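The structure appears right after this line, and notes come after that.
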Amino acid sequence: MIRLESVGLHYGPADQPGPEVLRDITCHIPEGGFRWLLGPSGAGKSSLLRLLHLAVRPTGGRLELLGEDIGAAPRRVLPLLRRRIGMVFQDFRLLAHLSAYDNVALPLRIAGRPEGQIRADVTEMLRWVGLGKRLAALPDEVSGGEEQRVAIARAVVGRPNLLLADEPTGNLDDVQAERLMKLLKEMNRLGATVIVASHNDALVARHPGPQLRLHHGWLVEDG
Ligand SMILES: Nc1ncnc2c1ncn2[C@@H]1O[C@H](COP(=O)(O)OP(=O)(O)O)[C@@H](O)[C@H]1O
Ligand SMILES: [Mg+2]
C-alpha cells in the first residue's frame, strides 16, 4: 500500500533548497493498516502527510503508494490517485463560499457521482458528525470544532482507500474526539488504510495502535 525507501523532503526550489524536513525515511504500511503519526511540533508530521496526499513529491528516495511509483508516475495520474485518498487538513481548508453540504459533496461531484446518491451520502455523513441541522451553514458561520467536523466528513464521504488525518481532534472536545476515533476505526475495519497525526497523548493512550514517531524529520520509531 505505502512503501517509503530513504525518502527525503526539503521545501524550496531545487537550486536553493531549504533544510531537509524529512530525512532518509524508510517504512512500510500494509493495505488496511492503522498508524498513529507522532512527534513534537515541527517534527515533520504534516510534511509526511502532504507527501502521502501527493501534494508534494519526495526530493529524495522512493515513494510507492496505491501501486504507483510516485517519483516515476506521470503527473496526470496524480489527481486520479488523489481521489482515492481522504485528507483531514490541520487547518481544515474548507471553501469559504460553499455550505457545509457543498463542501462535503465536492469530492463526490468531482468524481462524477449522481446527485441522488450524493444527497444521501452527504446528509448521512454530516448527521454522523453531529451537523445534520447545519447543512446550509457557511464555514465562517460555524465554530472551529464544527469546521473540523465538516472537514472530517469531506475526507471520509468518498470512502477513500487511504485516509490521512492531521491532528483531527485539535478543535474537538473529548466526546467528539471519541466519536471521531470510532469513525476512523470503522473506516479502517472496512478496509481503508488510516494514518492519524496527533499529539493528543490521552487519545493515543485510549486507542493503542502501531506508531510512527518523527523527530527533527527522522523516523525514530516504527512499531
Ligand atoms: N511550506 C513550507 N515551506 C518551508 N518550510 C516548511 C513548510 N512547511 C513546513 N515547513 C517546515 O518543515 C518542518 C516540519 O514542519 P511540519 O511538517 O509542519 O511539522 P509538524 O506537522 O510535525 O508540526 C518545520 O521546520 C517547518 O517549519
Ligand atoms: Mg502539523
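Here segment 138-223 carries DSSP beta bridges of which approximately 45% are antiparallel, counting only pairs with both residues inside.
Residue-wise HN-Hα couplings along segment 69-76, as the Karplus relation 6.51 cos²θ - 1.76 cosθ + 1.60 with θ = phi - 60° gives them from phi, are 7, 5, x, 9, 5, x, 3, 5 Hz; Gly and Pro carry x. The residue among 223, 74, 176 whose Cα reaches farthest toward the positive pole of the charge dipole of segment 74-223, with charges on the beta-carbon of Lys, Arg, Asp and Glu, is 74.
Considering only DSSP beta bridges with both partners in the chain, what is the antiparallel share in %, to the nearest 5? It would help to have the intermediate numbers written out before the result.
Numbers: 17 of 33 bridges.
Beta bridges within the chain, antiparallel portion: roughly 50 percent.
The length gained by stretching the chain between residue 190 and residue 77 to full extension, at 0.36 nm per residue less their Cα-Cα distance, is 38.1 nm. Annotation: amide H of residue 219 within the under-5 Å range of 23, sequence separation 5 or more or interchain, hydrogens built in the peptide plane. Comparing mean-square fluctuations of 134, 82, 113 from a GNM of the chain with C-alpha springs under 10 Å, the top value falls on 113. The charge dipole of the chain, taken about its Cα centre with unit charges on the Cβ of Lys, Arg, Asp and Glu (plus for the first two, minus for the last two), comes to roughly 640 debye. Determine the sum of side-chain charges near residue 89: Lys and Arg each +1, Asp and Glu each -1, restricted to other residues whose C-beta is under 12 angstrom from that of residue 89. The answer is -1.
log10 I(q)/I(0), Debye, Cα-only the chain, no solvent, q = 0.11, 0.15, 0.17 Å⁻¹? So the normalised log intensities are -0.54, -1.00, -1.25.
Which value, in debye to the nearest 20, describes the size of the charge dipole of segment 103-218 about its Cα centre when Lys and Arg Cβ atoms bear +1, Asp and Glu Cβ atoms bear -1, and nothing else is charged? Before the final figure, lay out the partial values.
On the way: 15 positive and 14 negative charges, 97 e Å.
So the magnitude is around 460 debye.
Per DSSP H run of n ≥ 4, the term is -39500 (n - 2.57); total these for the chain, divide by its residue number, and report the mean residue ellipticity at 222 nm rounded to 500 deg cm²/dmol.
Values: 7 runs with 74 residues, N = 223.
When only DSSP H runs of four or more count, the value is -10000 deg cm²/dmol.
So which GluC sites (Glu not before Pro) in segment 1-101 end up in coil per DSSP with only 13 or fewer other C-beta atoms within 10 Å? Mind dumping the intermediate values first?
On the way: sites: 5, 20, 31, 64, 68; in loops: 31.
Answer in residue order: 31.
None of the figures in this text is laboratory data; all of them are computed from the coordinates on show. What you see is a predicted model, and the numbers here were worked out from it, not measured in a lab. Cβ: placed from backbone, ideal geometry, glycine included. Neighbour counts: every protein chain shown.
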